[in-house]
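A short write-up of the structure that comes next.
Bear in mind these aren't lab numbers, they're just calculated from the coordinates by the rules spelled out. Small disclaimer: the values here were computed from a predicted structure and weren't measured. Neighbour counts are summed over all protein chains in view; Cβ atoms, including those assigned to glycine, are modelled from backbone coordinates with ideal geometry.
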Amino acid sequence: MKNNDKQYNKYTPVIGLEVHVELKTNSKMFCRCSADYFGNKPNTHTCPVCLGLPGALPVPNKTAIEWCMKIGLALNCNLPLVSKFDRKNYFYPDLAKGYQISQYDEPFALGGYIEVFKEKGSQEIKKIGITRVHMEEDTGKLVHETVDGKKVSLIDFNRSGVPLVEIVTEPDFENEYQVVQYLQKLQKIVRYLDVSNADMEKGDMRLEPNISLRTIHHPEQSEGSTDSSAKPQNDKFELPNYKVEVKNINSFRFVEKAILYEIKRHQEILDKGETPVQETRGWDEAHQRTVSQRIKEEANDYRYFPEPDIPPLKWTQNYIEQLKSSLPELPDQKIKRFEKDFALSYYDAEILTRDILLANYYEEAVKVNQELGIKNQENKYPKVIANWIINKKVDTEKTPPSQLIKQITQETKVSEISDEDLNSIIDTVISENKKAVDDFKKGHENVIMYLVGQVMKTARQKIAPDRVKSLLLARLK
Amino acid sequence: MDLHTLTLTQAKEKLAKKEISSVELTRAYLDRIKTLDQKLNAFVTVTEDEALKNAEHADKLIAHGEDLPLLGIPLAIKDNFSTKGIRTTASSKVLDTYVPPFDSTVVKRLKDAGMVMLGKANMDAWAHGSSTETSDFGTTKNPWNTDFLPGGSSGGSAAAVAANESVASIGSETAGSIRQPASWCGVVGLKPTYGRVSRYGVVAMASSTDSPGPITKTVEDSARILQILAGVDVHDATTSPTQPENYVAAIRDSIQGITIGISDDYREGVDPEVQAKIDEAIKVYERLGAKIKNIKLFSPKYAIAVYTILQRSEVSSNLARYDGIRYGNDRSHFGDEAKRRVMLGTYTLSAGYYDAYYKKAQKVRTIIVEDFTTAFKDVDIIISATSPSAALPLGSSKNHPMFGEMADILVEPSSIAGLPGINIPVGLTQAGLPVGMQIMGPQWSEKKILQVAQKFEEETEFHTLKPSL
């Protein structure tokens, strides 16, 4: 066990992430075609602009840009006052113009972060740096089919020009757990902002982790020390001399698996004294492994240059402040407020805020409850409602908050049994539980709770346990 | 009366008075094309049937009292403007069979103004050149002497107007492509400020400088067409929201007290015979009371390097879509000039070279813009020869990859600065070839340069000189 730990400690994973989020604007990024293309007949959502016909020109979608900037703000980024679009030149049959309109050196947002827990079960916070958030357009899609007995590749341009936001992190992740938390938070944030459905199955979020392992040097080892608990003095800020990218994953679980697979693969190669090949790989779910797709000898040359068809964009500080104040309460803020205002645990608050609709439902229920004037027993009522929603899996669509509160009230209603009736039940219980009573009298005070339970059982109704306990104690004295 | 000699302004008047019909006018031009174009090759496509149909329709509208600025007027359109349902080749075999499903904004505005389109005018393939010799559909000949080049890239548009094959035409200029062929063919050519006229639907050459504009028989005709084309377009993010002025109404306004800048930097390398005509023209303005001021300008030779790098870079990206997958022919159909430009542009944008070429060129471009800004603090307009020489003989561009840049050296600085300029004919050389003079102004000064050009036209007869064909 100890040996294994030591082995693992030889390397630290260095993981970065690129995420593409498709926005749910009505129209495409640079034309007025409907961006709601999913499941539609091929090439029905097209025009000269998104088909890249000769002479067609892009006109940027204001809403998409605003949403991209909102994502930047929600991720704690700085928004520069000047930005521009660039052309990224490369050839692929699904790329209508032979270049993609993207952003190169002046993206809409720079330098943000997301906070995650360092390890499972740990409360230690790790800040994941966000390098940049930029806007680009999606490509068309190749469809491989057999037409008249001939195998052909067809192009569907419905997706061409749909607004895409790319979010790039620093290589700050140290394990797959941090990555998954980050992705969940990002997904929540874009849904809270109401700018993307972030539906994995529809390809609204595409994930590309890049992975490498950094070797930790143990100077004490070379000095002959065997003390493995000594803090390794590593070259913390030096990145490994290789990087493996896993492209286009559309599930958080696959990302997790791909990362674990890669870490193990790199470890084995590094143990042999070799360096993993710098390359692009894909996740093969059927065989539970990554497979090589393209060896990158050096960075692709996309020959970026400023998009001459779109003038540079300029904002005022005032506009950015306005945008900032238009942001809704974000998931992390909501969790903190729920913990504080409703005395919820992080666990409960996190579950309730995963979906903004559920969070709103919960708040509405708490409000209805307060309006009904129901006594909050030691201010626990919000907690009771939370438990109810979480544990009983309330169908929030069919149960309006007011009805939920009625249900809870009814089912947790404390019986109005009289002291007289209760005492007679207590007497029965005492007579039927001689041994327990004896034990209690001998000083086993814990037994009292057993007797309380027996009284409740016999009474067949909910009675405040404190009341039963005090009456029982009076009887036993 | 020879209908084909009418200017736009004259034709419009006769149509309004019902002295002639649009069908008669259109037929006159179609006949002219039939007679001459075998020899001149100004057109890639002649749309006779549509033209006559549209002329008939125009006549009906005129009969109903409709009054539109171009109602029933036959025009030629450069073949890089997308025309719905009519093939648009940019004179390249790559687009031999390409039929756009949409109209360029310029064509749409002309159609809305009542134009009758005669056909698509020949040009240098992809507008790469200043001769039309790079056209995949044969070289256009200069109507003044068919052994000579018409200039380019809008060579077909200029030749068609000079030869009276069209009332007027539409060209596009990236750096000289309107002014230089207008100069060599002895007609008026107006290159508006970048962003004044929409580029939507114009097969892109160098997106940051492409400017559509009119080529006409008179200055007033140019004003009339610019009036229709100018203004913001929702389909082109680079068009300016600045409201266009009323060019037509102001065309005859006084230019009293104007200061004209001339610069030795724009005389260097100019054929003495050409420069002599320009100097005579300047004297006309002096006589009219204009102040002439010698100014120092950044040497135009720097503009060539800047333009070459920026334009090739943009071209390499703009031509990437012609991959043969969806429409037209594949890349093997690109001519040598396009290939040269794609290769050079790909190189200048490549990692490691971008800073040395593209970025540096952008910086120099900024310096050139500032140079003009400073100059226009002292003078209202600047005058120079449009091209260093009159038309050159056929074949001159062959084996001279920088031919265009040399022929356009005097218009390239103002083009890369995005400024407007107009060419007007100022006489003939001894060999009988036209000489053109350009009037350049600051951004959005179309009204002013049209007025200055108009005054010259009023004082002289050069615009009435026609080639004998």
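A few comments on the model shown:
- Percent antiparallel among DSSP beta bridges (both partners in the protein assembly as shown, rounded to 5): 85 percent
- Residues B:MET123, B:MET115, ranked from the fewest to the most other C-beta atoms within 10 Å, line up as B:MET115, B:MET123.
- For region B:3-11, 3J(HN,Hα) computed residue by residue from phi via the Karplus equation (6.51, -1.76, 1.60; θ = phi - 60°) reads 4, 6, 8, 5, 7, 4, 4, 5, 4 Hz, glycine and proline entered as x.
- Cβ-Cβ distance of B:GLN38 and B:ARG340, R₀ of 35 Å, FRET efficiency by 1/(1 + (r/R0)^6): the value works out to about 0.70.
- Net charge over other residues, Cβ less than 15 angstrom from the Cβ of B:TYR194 (K, R count +1; D, E count -1): -3
- Neighbour-limited loop hits for GluC sites (Glu not before Pro), region A:308-357 (at most 16 other Cβ within 10 Å; DSSP other than H, G, I, E, B): A:GLU329
- Partner chain coverage, peptide B:201-213 - average Cβ within 10 angstrom: 3
- DSSP-assigned coil residues among GluC sites (Glu not before Pro) in region B:247-324, each with at most 14 further Cβ atoms within 10 Å: B:GLU268
- In terms of its Cα atoms, chain B spans 61, 61, 45 Å along the principal axes, sorted from long to short.
- Panel order for B:TYR194, A:TYR92, B:TYR322, by other beta carbons found within 10 Å of each beta carbon, from fewest to most: A:TYR92, B:TYR194, B:TYR322.
- Cβ-Cβ FRET estimate between B:LYS84 and A:GLU66, R0 fixed at 30 Å, reported to 0.05: 0.35
- Estimated at 0.36 nm per residue, the fully extended path between A:GLN461 and A:ASN76 surpasses their Cα-Cα distance by 133.3 nm.
- The mean number of partner chain beta-carbon atoms within 10 angstrom of a residue's beta-carbon across peptide A:83-90 is 2.
- Per residue, the average separation of C-alpha pairs within less than 8 Å and at least 6 apart gives chain A a relative contact order of 15 percent.
- Taking label points 7 Å from Cα along the Cα-to-Cβ direction, A:SER326 and A:THR275 give a separation of 4.8 nm.
- Point-to-point label distance, B:HIS64-A:GLN403, nm (Cα→Cβ direction, 7 Å offset): 6.1 nm
- Local net charge near B:ILE325, Cβ-Cβ under 11 Å (Lys/Arg +1, Asp/Glu -1): 0
- Tail beyond 41 Å, pair distance distribution of the protein assembly as shown (Cα, percent): 53 percent
- Per residue, the convex hull spanned by the alpha carbons of chain A comes to 249 Å³.
- Residue separation of A:LYS392 and A:TYR92 scaled by 0.36 nm, minus their Cα-Cα distance, works out to 102.9 nm of gained length.
- For chain B, the relative contact order is 17 percent, taking Cα pairs closer than 8 Å that sit 6 or more residues apart in sequence and dividing their mean separation by the residue count.
- Mean partner shielding of peptide A:302-314, defined as the number of other chain Cβ atoms within 10 Å of each residue Cβ, is 5.
- Restricting the GluC sites (Glu not before Pro) of region B:405-469 to loop positions (DSSP other than H, G, I, E, B) with no more than 13 neighbouring Cβ atoms within 10 Å leaves B:GLU461.
- Cα→Cβ-extended label distance, 7 Å offset, between A:TYR319 and B:THR242, nm: 2.1 nm
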